[in-house]
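Since the structure comes first, as structure tokens, the remarks are kept for the end.
The values are calculated or read from the model by the stated rules, or taken from the named source; none is laboratory data. Predicted, not measured: the structure shown is a model, and the values here were computed from it. Methodologically, a virtual Cβ is constructed for each residue, glycine included, from the backbone with ideal geometry; neighbour enumeration extends over all protein chains shown. Just so you know, the surface numbers come from the protein's heavy atoms only, side chains and all, with ligands and any DNA or RNA stripped out. Shrake-Rupley method; radii C 1.70, N 1.55, O 1.52, S 1.80 Å.
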Amino acid sequence: MEEVSALHPDAVVLTGDLTFSGAASTHKALAEKLAALTRQGIRVFVLPGNHDLYNQYAMSFTETEAIPVPSVSSEEFRSIYHGCGYDAAISCDSDSLSYAAMLDDATMLLTIDTNKENAECMVSDTTLAWMEAQLQYAKSNGFAVIAAFHQNIMQHSIFNTGYLIYQHRTIKELFAKYDVALALSGHLHMQHIKQGQGVTEIATSALSVWPCEYGIITANHGQLNYGTHRLDVAARAARLGLSDENLLHFDDYTEALLLDRLGGQARSFIHGFYPEEQEEQMVDYAVQATRMYFSGDLSGFDALDRDGSLRAAWSEIEVPYAMYIASVGDDAGKVMNQLTIPFPAR
């Protein structure tokens, strides 16, 4: 909140999973925080993620227990976040929480809700028709379009079930037809960029997951620039005079936590099957590969496994985790936390 206030952008877009488990109280608390931004003249646009609606695991927590609490319906979500996109919408879909709004006088934001009470990763025929109507309107008026989803329209990793929107092919065809400049999504919790069929999608990293980044978009002079920025928790802790060493050295703390958890997970799949030295090398490879993958910067990836033997060893293990680790090498050398693409001149 402090960094957004200091940056004072034209708009903030949150691509879903606004809450941990969809508890109504947490939605209301977040909406109150976001209202502080709107009072500063910073427009906020939200859409729901799979954690946010009809969540049967909605909980509140004490030090000793988790207590079931009400989640929210689509209608309640719209009511709670009416000031975060819905009031400013130029059109709302009748069959979902999707809406279109103007970011400025020449750029439309098209948000697409893919979460229903009994289904995820789905866009109905009614919503698809509404989408095309908005895209036709934008094209006829010369507007650029930035789209936002929670789940993805491109496959950013080996995992697709529960991540890739079932109607992704139709959506990409619409975007190519109507020259959509950019699609933003989330859900994966890692930073990744995929381009194809004339469409660019940025799967944005999750602020709550290491390395705790958010993306900044600027658009002018015929191009759009995207780059990630790491949240500076340590600086804020120092300003407040806090004594918690984990907060004062937050990057080190969160990275060490990530590496410890990843290392334990990796070791659980291979312990006892490889010589001790090879096991340690494979664990370190899995940890560092995932670390790079989540940050979106794989420029130094080849140095992890110069002869390819560690990736080959992981590829021999026929479980999803191991196949995922082996697949990270497909993006070796890529930098996916920065992007420049053509954008209609402002």
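Things to note:
- When the residues of the stretch 322-336 are filtered to those that are assigned to a helix (DSSP H, G or I) and either of a type outside the set (Ser, Thr, Tyr) or in contact with a helix residue (DSSP H, G or I) (Cβ under 6 Å, 6 or more places away or on another chain) (or both), the one that is surrounded by the fewest Cβ atoms within 10 Å (Cβ to Cβ) is Asp330.
- Candidate set from the stretch 160-172 (those that are in contact (Cβ under 8 Å) with a residue 24 or more places away in the chain and not basic (Lys, Arg)); member that is most open to solvent (accessible area, probe 1.4 Å): Tyr166
- Residue match in the stretch 39-60 (condition: hydroxyl-bearing (Ser, Thr, Tyr), more than 19 Å from Thr111 (Cα to Cα) and either in contact with a helix residue (DSSP H, G or I) (Cβ under 7 Å, 6 or more places away or on another chain) or open to solvent by less than 30 Å² (accessible area, probe 1.4 Å) (or both)): yes
- Meets criteria (under 21 Å from the mean Cα position of the chain (by Cα), within 28 Å of Gly162 (Cβ to Cβ) and surrounded by fewer than 16 Cβ atoms within 10 Å (Cβ to Cβ)) for Phe20: yes
Let's see how each residue does on (1) farther than 23 Å from Met336 by Cβ; (2) over 22 Å from the mean Cα position of the chain (by Cα); (3) modelled with pLDDT under 95:
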position: Leu258; (1), (2), (3): no, no, yes
position: Arg261; (1), (2), (3): no, no, yes
position: Gly264; (1), (2), (3): yes, yes, yes
position: Ile270; (1), (2), (3): yes, yes, yes
position: Phe273; (1), (2), (3): yes, yes, yes
position: Glu276; (1), (2), (3): yes, yes, yes
position: Ala289; (1), (2), (3): no, no, yes
position: Tyr293; (1), (2), (3): no, no, yes
position: Leu298; (1), (2), (3): no, no, no
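- Residue that is farthest from Phe77 (Cα to Cα) [pool: residues in the stretch 9-59 that are part of a strand (DSSP E or B) and of a type outside the set (Lys, Arg)]: Ala11
- Hits in the stretch 277-305 (condition: open to solvent by 20 Å² or more (accessible area, probe 1.4 Å), more than 12 Å from Ile325 (Cα to Cα) and aliphatic (A, V, I, L, M)): Ala303, Leu304
- Residue that is within 23 Å of the chain's Cα centre (by Cα), buried (at least 17 other Cβ atoms within 10 Å of the Cβ) and free of Cβ contacts under 8 Å to residues at least 40 places away in the same chain, where the choices are Val233, Val199, Val180: Val233
- Take the conditions (1) part of a loop (DSSP other than H, G, I, E, B); (2) open to solvent by 40 Å² or more (accessible area, probe 1.4 Å); (3) farther than 26 Å from Gly41 by Cα; Val123 misses just one of them, which is (2).
- Under the condition of being of a type in the set (Val, Ile, Thr) and either open to solvent by 30 Å² or more (accessible area, probe 1.4 Å) or in contact with a strand residue (DSSP E or B) (Cβ under 6 Å, 6 or more places away or on another chain) (or both), the residues counted in the stretch 306-321 number 1.
- Considering residues of the stretch 66-109 that are modelled with pLDDT of 95 or more, of a type in the set (Asp, Glu) and in a loop (DSSP other than H, G, I, E, B) only, the residue farthest from Val13 (Cα to Cα): Asp95
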